[in-house]
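Asks: Following this message is one structure expressed as structure tokens.
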Amino acid sequence: MVKSPKAIVGWRELVALPELGLRHLPAKIDSGARTSSLHAEVLEQFERDGEKFVRFAVDFPQQKVRQVCEAVHVDIRGITSSNGETQKRFVIKTPLTIGSETYRVEISLANRADMKFPMLVGRSSLRRRFLVDSGHSWLQTPGREPVKGHKP
């Protein structure tokens, strides 16, 4: 059995969350983080047809745009942030597009206002699909020229 080679992602990529209507989302690829995370403000929880949903807003301050999204909420979990603090966060499951691959992932909703990237793609979302080249950017971003190095 011959396995097809895994695609290589850089340390930052533009990704999409198509079911949420989010495209060209700057994301930091972080194999040190288990769970992917999206900058969002949770607005409300509700039920529809017996399923639990969460409505949340994603802000794009550079474009002065606020996008309101809805998704089935899978869980509320304690997620340990980069500063070592554990926070209760909503976790949703939605398709993620990186390059030409689209597949379902779990994403925690968090306040990432102080972070450079509105989305962080963690290792559980990369597993068995991608290898990370931390010395390059935009390797899976159509229309962007790959960049060597870590300069933003």
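Asks: Pick from the stretch 137-146 the residues that are in contact (Cβ under 8 Å) with a residue 24 or more places away in the chain and open to solvent by 50 Å² or more (accessible area, probe 1.4 Å): which of them is nearest to LYS6 (Cα to Cα)? Reasoning before the result, please.
Replies: To start, the set of residues in the stretch 137-146 that are in contact (Cβ under 8 Å) with a residue 24 or more places away in the chain comprises 137-142, 144, 146.
Still in the running and open to solvent by 50 Å² or more (accessible area, probe 1.4 Å): 139, 142, 144, 146.
Details: LEU139: 13, PRO142: 17, ARG144: 20, PRO146: 18 Å.
So the residue we want is LEU139.
Asks: Among strands (runs of 3 or more DSSP E) lying entirely in the stretch 85-152, which contain 1 or more residues that are of a type in the set (Gly, Ala, Ser)? Write out each step before concluding.
Replies: On the way: elements: 86-98, 101-110, 119-122, 130-133.
Hits in the stretch 85-152: 101-110, 119-122.
Asks: In addition: Being closer than 23 Å to GLU85 by Cα and more than 9 Å from the chain's Cα centre (by Cα) is the filter here, so list the residues in the stretch 117-129 that pass it.
Replies: Restricting attention to the stretch 117-129, the residues satisfying the condition of being closer than 23 Å to GLU85 by Cα are 117-125.
Residues satisfying the conditions are PHE117, ARG123, SER124.
Asks: For the condition over 15 Å from PRO18 (Cβ atoms) and β-branched (Val, Ile, Thr), what is the one hit in THR86, THR94? Break it down stepwise before answering.
Replies: Values: THR94 fails: over 15 Å from PRO18 (Cβ atoms).
It is THR86.
Asks: Right, next: Return the residues of the stretch 50-67 that are part of a strand (DSSP E or B) and either in contact (Cβ under 8 Å) with a residue 12 or more places away in the chain or out of contact with any Asp or Glu (no Cβ under 6 Å at 6 or more places or on another chain) (or both); say none if nothing qualifies.
Replies: Just the residues of the stretch 50-67 that are part of a strand (DSSP E or B), to begin with: 51-60, 65-67.
GLU51, LYS52, PHE53, VAL54, ARG55, PHE56, ALA57, VAL58, ASP59, PHE60, VAL65, GLN67, listed by residue number.
Asks: Sticking with this structure for a sec: From (1) among the charged types (D, E, K, R); (2) over 17 Å from ALA16 (Cα atoms); (3) under 13 Å from the mean Cα position of the chain (by Cα), pick out the condition that doesn't hold for ASP114.
Replies: Unmet condition: (3).
Asks: If you check VAL9 against the conditions, is it among the β-branched types (Val, Ile, Thr) and modelled with pLDDT of 95 or more? Give the derivation first.
Replies: Numbers: among the β-branched types (Val, Ile, Thr): yes; modelled with pLDDT of 95 or more: yes.
Yes.
Asks: Something else now. When the residues of the stretch 100-136 are narrowed to those that are closer than 22 Å to HIS73 by Cβ and of a type in the set (Ser, Thr, Tyr), which ends up surrounded by the fewest Cβ atoms within 10 Å (Cβ to Cβ)?
Replies: Looking at the filtered set, the residue picked out is TYR103.
Asks: Out of GLU13, GLU47, GLU70, which single residue is of a type in the set (Asp, Glu), more than 30 Å from GLU145 (Cα to Cα) and either open to solvent by less than 80 Å² (accessible area, probe 1.4 Å) or not in a strand (DSSP E or B) (or both)? Spell out how you get there, then give the answer.
Replies: Values: GLU13 fails: more than 30 Å from GLU145 (Cα to Cα); GLU47 fails: either open to solvent by less than 80 Å² (accessible area, probe 1.4 Å) or not in a strand (DSSP E or B) (or both).
Only one candidate qualifies: GLU70.
Asks: Would you confirm whether any residue within the stretch 77-84 is open to solvent by less than 70 Å² (accessible area, probe 1.4 Å), on the phi > 0 side of the Ramachandran plot and of a type outside the set (Asp, Glu)? I'd like the intermediate steps shown before the answer.
Replies: If we filter the stretch 77-84 for residues that are open to solvent by less than 70 Å² (accessible area, probe 1.4 Å), which is where we start, we get 77-79, 81, 84.
From the residues that got through so far, the ones that are on the phi > 0 side of the Ramachandran plot too are 84.
The next check asks that each one be of a type outside the set (Asp, Glu); those that pass are 84.
Yes.
Asks: Pick from the stretch 16-44 the residues that are part of a helix (DSSP H, G or I) and either over 16 Å from SER108 (Cα atoms) or not hydrophobic (A, V, I, L, M, F, W, C) (or both): which of them is least open to solvent (accessible area, probe 1.4 Å)?
Replies: PRO18
The values are calculated or read from the model by the stated rules, or taken from the named source; none is laboratory data. Keep in mind that this is a model prediction, so the values were computed, not measured. Positions of Cβ are generated from backbone atoms using ideal geometry, with glycine treated the same way; all protein chains shown enter the neighbour counts. Please note that ligands, DNA and RNA were not included when accessible areas were found on the heavy atoms of the full protein model with its side chains. Shrake-Rupley method; radii C 1.70, N 1.55, O 1.52, S 1.80 Å.
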